[in-house]
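Have a look at the structure below, then the notes.
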Amino acid sequence: MERLLVGRRWGYPRPVPPEPDKPSDSSPRTDPGVFATTHWSVVLAAGHGSVPGAQEALEKLCRTYWYPLYAFARRQGNSPEDAQDVTQEFFSRLLEKNYLAKADPDRGKFRTFLLRSLKNFLINEWKRAGRLKRGGGLEFLSIDAHAAEDRYAAEAPDESNPDAEYETRWAVTLIEQVLTALRQEFNLADKARLFEELKGFIWGDKSTTSYAEIAEHLSLSEGTVKVAVHRLRQRFRELLRAEVAHTVARPEDIDGELRHLISVAG
């Protein structure tokens, strides 16, 4: 999973704001016809009837964003092993039961639906489900227990507000997804080295290496490097907007969600 340096507290970089109110001409389009095919809007529609692809869309969202829920379960006093079991059992039941019928399209952010559902699960169902022996339930997710716990231990907890921690972890996880996708695009274009040289500029002119030094490393002109940085930032913003679109119910929610995530990630 791609990691750079978002804010000292969480060990990840602070992103360049994607200017949500002024999307570029090359930004992914979010007209109703296109937006209706993205993950969370399809899943919400499935809560009120059978929609092709809804189960697959929900599974993709869950596999992508399991860590903030795992960490929230840990913050409720669960051991690492119990937090894994909570996360696995929660997602298994989420997929089995008609929880989606309770999701409100007017408050249709996937992150808020998941946290609200997890809280209800912990209060109403987990104690009963706890009769299962550890590892005895269905393993929906492939969780690297050591990596998850190392990450959790490295994060500075906000003792007063677990919900705020969850929001920050969600934002960081989303940004990681975007960085991973961006890296893959560069790799497929046989530009892996270019990405490694330029990735420090995604967040602004904070790289310890100058344009001139990178140009020398890559045998390019300094002007070419500047253009590459501009394109890298633009593509990051496009991918960030597209990833956010997967987690909200309506296209008009994207800009507000972008602003929120950038504020909490900082």
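The values are calculated or read from the model by the stated rules, or taken from the named source; none is laboratory data. Because the structure is a prediction, the values reported are computed rather than measured. Positions of Cβ are backbone-derived with ideal geometry, glycine not excepted, and every protein chain shown enters the neighbour counts. Areas reflect the complete protein model, heavy atoms only, side chains present, ligands, DNA and RNA absent. Shrake-Rupley method; radii C 1.70, N 1.55, O 1.52, S 1.80 Å.
Remarks
- Averaging 1/r over every pair of different alpha carbons in the range 161-230 and inverting the result gives a Kirkwood radius of 13.6 Å.
- Virtual spin-label span in nm between residue 191 and residue 222, 7 Å along Cα→Cβ: 2.2 nm
- The range 185-266 - accessible surface per residue (Å², probe 1.4 Å): 51 Å²
- Spacing of the modelled spin labels on residue 181 and residue 213, each 7 Å from Cα toward Cβ, amounts to 3.1 nm.
- Counted charge near residue 247, where neighbours are those whose Cβ lies closer than 10 Å (Asp, Glu -1; Lys, Arg +1): -1
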